[in-house]
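The values are calculated or read from the model by the stated rules, or taken from the named source; none is laboratory data. From a predicted model like this one, the values you see are computed outputs, not experimental measurements. A quick note on method: Cβ atoms are made from the backbone with ideal geometry, for glycine too, and the neighbour counts reach across all protein chains shown.
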Amino acid sequence: MESEIEKIKKSSKEKIASAATLDDLEQVRIWLLGRNGTLTAILRALKDIAPDARARAGAEANHLRQEIE
């Protein structure tokens, strides 16, 4: 789970840096945080992992969400 979050973090930073317009940034936001977004999927999947790993993965995912926003 944590490696997936790191991949999303790296990919999102690259997409944000390459966005040329506000519409491009909005597409990145939708890709990450939309109803079917990649980070949204990670947050939804937290319920399926072990409780001891859930807290750490949840904290990392929420930190990434706040950083992106």
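Could you tell me whether residue 57 is in contact with a Leu (Cβ under 8 Å, 6 or more places away or on another chain), modelled with pLDDT under 90 and part of a helix (DSSP H, G or I)? Steps first, please.
Values: in contact with a Leu (Cβ under 8 Å, 6 or more places away or on another chain): yes; modelled with pLDDT under 90: yes; part of a helix (DSSP H, G or I): yes.
Here the answer is yes, as residue 57 does meet what is asked.
Any chance the range 7-23 includes a residue that's in contact with a Lys or Arg (Cβ under 8 Å, 6 or more places away or on another chain) and within 17 Å of residue 63 (Cβ to Cβ)? Before the answer, list the steps.
Pass one, the range 7-23, residues in contact with a Lys or Arg (Cβ under 8 Å, 6 or more places away or on another chain): none.
Among the residues of the range 7-23, not one is in contact with a Lys or Arg (Cβ under 8 Å, 6 or more places away or on another chain) and within 17 Å of residue 63 (Cβ to Cβ), which makes the answer no.
A Cβ distance below 7 Å, combined with a sequence gap of six or more or placement on separate chains, defines the contacts here; from the range 20-32, residues that are under 15 Å from residue 68 (Cα atoms) reach residues that are β-branched (Val, Ile, Thr) in the pairs 25/16; 28/16; 31/38; 32/38; 32/68.
Selection over the range 11-39 of residues that are touching a helix residue (DSSP H, G or I) at 6+ places or on another chain (Cβ under 6 Å) and of a type in the set (S, T, N, Q) gives a count of 2. Close Cβ contacts (under 7 Å, 6 or more residues apart or on different chains) running from residues in the range 49-69 that are without any contact (Cβ under 8 Å) to a residue 60 or more places away in the chain to residues that are loosely packed, with under 13 Cβ neighbours inside 10 Å and assigned to a helix (DSSP H, G or I) comprise 57/2; 60/2.
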